[in-house]
Amino acid sequence: MLVVGKNSNLAGTRYHKMIMKDTYRHKGLRRRLIGELQKKGISDERVLEAMGALPRHFFLDKAFEEWAYEDKPFPIGSEQTISQPYTVAYMSSLLDVQPREKVLEIGTGSGYQAAILALMGGRVYTVERHESLYLKAKEMLHSLNMNNIRCFHRDGFKGLPEFAPFNKIMVTAGAPEVPDALRQQLAIGGVMVIPVGKTAQKMYRIERIDETHYDEKEMGDFRFVPFLKGLEKK
């Protein structure tokens, strides 16, 4: 696992040595981004520290590197995007991952959100339906020595029942409804954060109270790529 601290960086990782550079300019742009997120109401220090330490440009195509620290989403292939930093920060704050908690992420995408959850201390199980994205993200996360993340090429609607229950579940695509399988895989006392809606979404924070009861809170308006069933091969 990558250890994060105020002076931490990724300079010692194998992937950095081979391909990527995290320059003083990149670090300065991250600090500016963190300041923007704070002005927009993000106050969770663990989220801000993780996002300040993790180079977002590592998870983008080279063509978008210049804009990696703008508060915008960018395409990553397969008609998917890396989420806007504010969205990553907001959802991560809602989920409030604690050290050693089991976290299920649906929608690996670039791997950036999974990495943030892992840096917050979670043991992350992340699922991606697009094989090409799954393979790319798995290689990236392995190269960054993030050993507390396990990647799966699976149908996110089914979750990962063999590893349930999960303390926390995050869905990073717009779901038409909350999949019952994910409800059932949430531990009692656990929390799920999921955007629900077809064209635009409402963010929901769902806490499991007991075997049959859930407390659901609507948290705001967002827009995500659609949460689809099935698998996509390369």
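Nothing in this text is a laboratory measurement; each read-out follows from the coordinates by a stated rule. Values in this document were obtained by computation on a predicted structure and should not be read as measured data. All Cβ positions, even for glycine, are placed from backbone atoms using ideal geometry, and neighbour counts span all protein chains on display.
Mind pulling the angle between the C-alpha long axis of helix 85-95 and the longest principal axis of the chain? Nearest 10 degrees, somewhere in 0 to 90.
Taking the Cα atoms of the chain, the angle to 85-95 is about 50 degrees.
Suppose we keep just the alpha-carbon trace of the range 71-222; what are its Rg and Dmax in angstrom?
Cα-based Rg and Dmax for the range 71-222 come out at 14.2, 41 Å.
Taking springs between alpha-carbon atoms closer than 10 angstrom, which of Gly189, Gly109, Gly52 fluctuates most in the Gaussian network model of the chain?
Gly189
Going by how many other Cβ atoms sit within 10 Å of their own, how do Tyr24, Tyr86 line up, fewest first? The partial results should precede the final answer.
Numbers: Tyr24 7, Tyr86 18.
Going from least to most buried by this count: Tyr24, Tyr86.
Name the lysines eligible as straight-distance cross-link partners of Lys168: C-alpha to C-alpha under 16 Å, and not fewer than 8 places from it in the same chain.
Lys102, Lys158, Lys217
Which one, His213, His142, His153, has the greatest fluctuation when you compute a Gaussian network model over the chain with C-alpha springs under 10 angstrom?
His213
Got a sec? Charge dipole of the range 71-222, +1 on Cβ for Lys and Arg, -1 for Asp and Glu; which of Ser143, Thr126, Tyr214 is way out at the positive end?
Value: Ser143.
In nm, to one decimal, how far is the modelled label at Arg100 from the one at Thr199, with both set 7 Å along Cα→Cβ?
Taking the two extended label points, one gets 4.8 nm.
For Lys40, list the aspartates and glutamates whose Cα falls under 14 Å from its own Cα; do not include residues on the same chain fewer than 8 positions away.
Counting by Cα, and skipping residues close in sequence, Lys40 has these aspartates and glutamates nearby: Glu70, Asp71.
Using only alpha carbon pairs under 8 Å that are at least six residues apart, calculate the relative contact order of the range 71-222 and give it in whole percent. The partial results should precede the final answer.
Details: 327 pairs, mean separation 27.1, N = 152.
Normalised by residue count, the contact order of the range 71-222 is 18 percent.
What are the extents of the Cα atoms of the range 144-234 along their three principal axes, listed from largest to smallest and rounded to whole Å?
Sorted from largest, the Cα extents of the range 144-234 read 36, 31, 26 Å.
Taking the Cβ of each residue in Glu218, Glu131 as the centre, tally the other Cβ atoms inside 10 Å and list the residues starting with the fewest.
On the way: Glu218 10, Glu131 14.
Least to most surrounded, the residues fall as Glu218, Glu131.
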